[in-house]
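Student: Can you keep this structure in mind? I'll have questions shortly.
The values are calculated or read from the model by the stated rules, or taken from the named source; none is laboratory data. Note that the coordinates shown come from a computational prediction; the quantities given were computed from them, not determined experimentally. Neighbour counts are summed over all protein chains in view; Cβ atoms, including those assigned to glycine, are modelled from backbone coordinates with ideal geometry.
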Amino acid sequence: MFCGNCGKKIDDDARFCEHCGMPIYANLTEEKLRQLQARKTALREAQAGQGPEKPPAAGGPLCPSCGRQLPRGTRFCGFCGRKIDP
């Protein structure tokens, strides 16, 4: 799938463009919502010292808002739209 704003390739399940931050209007399924909630809970627990912190995979950092694994060089989370600091 490609962003309608900047034209760059994005993940098929992206809700926001990873490059320009533009919202991608797509349906959020119940399963994807459960996955998002589980990632947010795991991230909150890791930040509070309540759970094991998962190191980022070789690709890049984790989104501080939703916990999603991001590719290196991503400027915006493709799932929640948060701007990612370099």
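Student: For a quick check of your reading of the model, give me the residue pairs whose first member lies in the range 61-79 and is touching a residue at least 40 places away in the same chain (Cβ under 8 Å) and part of a strand (DSSP E or B), whose second is surrounded by fewer than 20 Cβ atoms within 10 Å (Cβ to Cβ) and not polar (S, T, N, Q), with beta-carbon atoms closer than 9 Å and at least 6 apart or on different chains.
Tutor: Listed by first residue and then by second, the contacts come to Phe76/His19; Phe76/Cys20; Phe76/Gly21; Phe76/Met22; Phe76/Arg82; Phe76/Lys83; Phe76/Ile84.
Student: Determine if the range 16-29 includes at least one residue that is charged (D, E, K, R) and at pLDDT 80 or above.
Tutor: yes
Student: Same structure, new question: How many residues, within the range 68-86, are small (Gly, Ala, Ser), over 17 Å from Gln37 (Cα atoms) and within 10 Å of the chain's Cα centre (by Cα)?
Tutor: Residues flagged as small (Gly, Ala, Ser), over 17 Å from Gln37 (Cα atoms) and within 10 Å of the chain's Cα centre (by Cα) within the range 68-86 amount to 0.
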